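Working notes, beginning with the structure itself.
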Amino acid sequence: MKTTLLTDITIDEICKGFVYNELEGKGLFGWSGKLVIQPEYQRNYLYAEAKMEEAVIRSVLAGYPIGLLYFNKVSDTQFEVLDGQQRITSLGRFMTGKFPLIDQTGLPHYFSAMPDDKVNLIKNTPLTIYICEGTESEIKAWFKTINIAGIPLNHQEISNSVYSGPFVTKAKEEFSNSSNANIQKWSAYIKGRVNRQDFLRVALEWVCRSTEDDDVDAYMSQHRYDTDITELKTYFTSVIDWVSGVFNDVESEMKGLEWGRLFEAYHTTPYDPAEVSAKVHDLYADAAVKNRKGVFEYILGGCSDTKLLDIRIFEESTKKAVYAQQTNAAVTADKSNCPLCALGHDANAKKIWKFTEMDADHVAAWSRGGSTDISNCQMLCKTHNRAKGNR
Ligand SMILES: [Zn+2]
């Protein structure tokens, strides 16, 4: 694919022959008829935000760049906008009197009534345009990546394009806005980057979990033309408030946990944050806890599911030493080397199990304070160990 950089085309030239379709809310043509502003595969854009349109005009008036525009060259006299549709449409709509700039006192200023110096400034501002030439499949494949400077779109970014509309616009203002003061607090619990839509993704996943569908795309499709995001925002805030209320400590392992699932499962259970905090500290200090990420769910669930913590098991050398000692004693006593088998009256009461037929067990359960060293280790036959179940 071939690209050419143009830096001498002005706003005035691009907006010549601008046609706007009020019904569809789309800019259609520009550049004296040479430019198709919304080719079929371009994402749909709805003008939900007057502020965004005004921001484009204000940028031009302030002399700020409005960014690169990408056009696909179809022929010498025909181009399509690959990226920059909304900026061009904003410029065209302003220059054709579709919306005014509102000043600080609330007064509207239409393009036609602006002073000459400002009119000329807007008209004569050059745009930075990349003209791309290539096959349709090259262009389409490339389009997927250009909006974010060569990084492939992730799942949520593609969904945002597919379901673009007032809902996505509003949702991005809240969850994809790095100047939102809440982001820092949210970052304690959510992994990812604001500008890659990771927070929005999580917010959607959480609210979806509380619905029947549990499908982000279905939810976005269903709410596509909603003009408010109250449900999404309220649910998200509820989850965050719940986590930060139950767990006073912020630990790095909390980042990226399935808080939406845990909220659904446990938010109606009362907890004493001081007790919870003490428990977190205990578990963090316990060398037997291999999976600290599991600490929070373990506590929420009433400290019973030790699988969540991946408790450290006995060393191989410890197991062999205990096996040898138990087996020697068992042979002398003419009983099974599995202490639980030895208590029974069936055929296994005198059975000497092989090392490979036995597993190590905590005599005093770890969850009740038992240690993971040789003093608390016994070997049980696999059947008994499984039945005991609690390492
Ligand atoms: Zn046994």
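The numbers here are math on the coordinates, done by the rules we state, and not lab data. Just so it is clear, the structure is predicted and the values come from calculations on it, not from any experiment. Cβ placement follows ideal geometry from the backbone for every residue including glycine, while neighbour counts extend to all protein chains displayed.
Using the Cβ-Cβ distance between Y64 and A278 with R0 set to 56 Å, the FRET efficiency from 1/(1 + (r/R0)^6) comes to roughly 0.55. Beyond 22 Å in Cα-Cα separation lie the following of the pairs K351/K388; K320/K354; K290/K319; K233/K307; K172/K293; K185/K255: K233/K307; K172/K293. For the chain, what's the relative contact order in percent, using C-alpha pairs closer than 8 Å and at least 6 residues apart? Relative CO of the chain lands at 11 percent. Listed by chain and number, the lysines placed with their C-alpha closer than 23 angstrom to that of K98 are K16, K26, K34, K51, K118, K123, K170; residues fewer than eight positions away on the same chain are left out.
Between the Cα long axis of helix 136-146 and the first principal axis of the chain there is an angle of about 70°, rounded to the nearest 10.
Using a cutoff of 8 angstrom between alpha carbon atoms and counting only pairs six or more residues apart, the relative contact order for the range 259-336 works out to 22 percent.
Show me the ranking of peptides 62-71, 28-37 by mean Cβ neighbours inside 10 Å, starting with the highest.
28-37, 62-71
When both the range 203-248 and the range 346-391 are represented by their alpha-carbon centers, they are found 46 Å apart.
Once the Cα atoms are used to define both axes, helix 316-333 deviates from the longest principal axis of the chain by about 20 degrees.
Computed with the Debye formula from one identical point scatterer per Cα of the range 161-209, without solvent, the log10 of I(q)/I(0) at q = 0.22 Å⁻¹ comes to -0.78. If the segment from T135 to D310 were pulled out straight at 0.36 nm per residue, it would be longer than the present Cα-Cα gap by 57.6 nm. Taking label points 7 Å from Cα along the Cα-to-Cβ direction, I9 and A349 give a separation of 9.5 nm. Modelled this way, with points 7 Å down the Cα-to-C-beta line, the labels at D117 and S178 are 3.5 nm from one another. Calculated over the range 316-388, the projected area of the Cα convex hull averaged across directions stands at 4.8 nm². Any chance you could give the angle, 0 to 90 degrees and rounded to 10, that helix 166-175 forms with the longest Cα principal axis of the chain? The answer is roughly 60 degrees. Placing a label point 7 Å from the Cα of N248 along the Cα-to-Cβ direction, the residues of the range 266-298 whose backbone N falls under 19 Å from that point are 270-285, 296-297. When the Debye formula is applied to the Cα atoms of the chain, each taken as the same point scatterer, what base-10 log of I(q)/I(0) results at q = 0.09, 0.10, 0.14 Å⁻¹? The computed values of log10 I(q)/I(0) come out as -0.73, -0.81, -1.17.
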